[in-house]
Amino acid sequence: WMVLFFGFTGCREACPLALERIGQALDELGPGAEKVQPLFVDLDFAEPDIEGLAQFIGNFDKRIVGLTGSRAQIYDILRDFRIRRQMRHMLTGSKETGPRIDHSTYFFMVDPEGKTRSYFHHSISPAEMAAHMRRQM
């Protein structure tokens, strides 16, 4: 099983919350968590920054794997999962760095055969997420 979340390393809102919650949900699953591979897909079209992605993911649960790719590869997976991605052109505060990208904030649960079985919003509680994953598995 896989649980995918799409975001970007400069995100200061949905992505950190989502990555924190997936780690907590895996803890709630207990031994069942071994059946789930959580993936964070970087949807930034910039040149892949493997070190930056690893550093960002490293702030959360060690079971989460970060993925990136070429612009074409990222576009393909965004299209396949119907992920909304839109650059925001606005002034940013002095503490923010990098681009602002509005994006869909859903987790997608994919079975071992590659079929998307369900999706749920990033604001779901870890206990609800774990219960949802148990039902699907």
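The values are calculated or read from the model by the stated rules, or taken from the named source; none is laboratory data. The shown structure was predicted, so the numbers you read here are calculated from the model rather than taken from an experiment. Positions of Cβ are backbone-derived with ideal geometry, glycine not excepted, and every protein chain shown enters the neighbour counts. Note: accessible area is taken over every heavy atom of the protein model, side chains too, but ligands, DNA and RNA are not part of it. Shrake-Rupley method; radii C 1.70, N 1.55, O 1.52, S 1.80 Å.
Figures for the structure shown
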item: Summed side-chain charge close to Asp27 - residues other than Asp27 whose Cβ falls under 13 Å, Lys, Arg +1, Asp, Glu -1; result: -1
item: Shape category assigned to the stretch 27-78 from the gyration tensor of Cα positions, a/c cut at 1.5; result: oblate
item: Equivalent-ellipsoid semi-axes of the stretch 1-60, from the Cα gyration tensor, Å, largest first; result: 22, 12, 10
item: Arg63 paired with Asp76, simple spin-label distance in nm, labels 7 Å along Cα-to-beta-carbon; result: 2.9
item: Spin-label pair Tyr119/Leu17, simplified geometry with 7 Å Cα→Cβ offset, distance in nm; result: 1.8
item: Largest to smallest accessible area among Asp76, Asp61, Asp27 [probe 1.4 Å]; result: Asp27, Asp76, Asp61
